[in-house]
Amino acid sequence: MNPNFDRLPKRFSIYVFILISVLILIIPVNISNHIKITVASPLAPFQKAISYTGNFFKNGYRKIASALESADENEELREKVFLLQNKIINQQNTINVLDRKLKTISEFEEDIDVKDKPLNANIIGYDASNHRGSILINVGKKQGVAVNDTVIYGSALVGRITAIGNSISRVMLITDPASNVPSRFLESRIQGIVQGIARNKCIIKYVPRHAKVKKSDSVFSSGIGGVYLKSIYIGDVIAVKEKSAKLFKDIKLKPRVDFSQIEHVLVIKKNKVESIRN
């Protein structure tokens, strides 16, 4: 086959393209625009599709960016709300603590008559055992505290100071088995000794079998012996039993104070006897 014959279609195509280009340049503008529109019309759907796709991805990107920005703002807002809630709870806790302290002092001033004002102390530790026979408070020698000072909550008896440091003291609770508080029944005026048996309970010893004692009777300190002040509320009788072979009644008492729920106490300063190291 003749090579020149094969090249003829290619040359013809080139000549036609050059001719069309020249004609577009020399014909009037309105006619050339019409030709451009006519040529571009078949491509319009493709152009619209490409434009729509581009706008779709552009808008999608903007929406994603906006959503991410909103998420960051929401997270920041949640953090601020969380911190504000914590602050409100802390303020409420402070108000509750102060309110309880004021009520405690108010009850003390109404029910107990002493010359010196009591010393307010915070509880900073409990006995390591489950018996909770003692607590630690944040006052000591520097604040004028001494061994055997009476410790109360409101107008009710908590215990007494048994050891002190410079700014710390140990309080033996009335529920400690080593605690013995001379006491008296409110109505019958019968005397006894309140002794701790741990787990927020006490017994009353040496109450004669024939004595009239009933459940819910209130018991106060008698002041005998000089260790505890007189007329401090100790607790209420919750059980009374009699055995014919015994000279004394078996009496159980529930302390007025729930030692697991208090956060502070009042110390009534009295004497100075001994001390311990911090």
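The values are calculated or read from the model by the stated rules, or taken from the named source; none is laboratory data. Worth saying up front: this structure is predicted, and the values here are computed from it rather than measured. Here the Cβ positions follow ideal geometry from the backbone for every residue, glycine too, while neighbour counts run over all protein chains shown.
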Which one of these does SER244 not meet: (1) exposed (fewer than 15 other Cβ atoms within 10 Å of the Cβ); (2) modelled with pLDDT of 90 or more; (3) of a type in the set (Ser, Thr, Tyr)?
(2)
Quick one: count up the residues across segment 223-239 that are surrounded by fewer than 21 Cβ atoms within 10 Å (Cβ to Cβ) and in a loop (DSSP other than H, G, I, E, B).
8
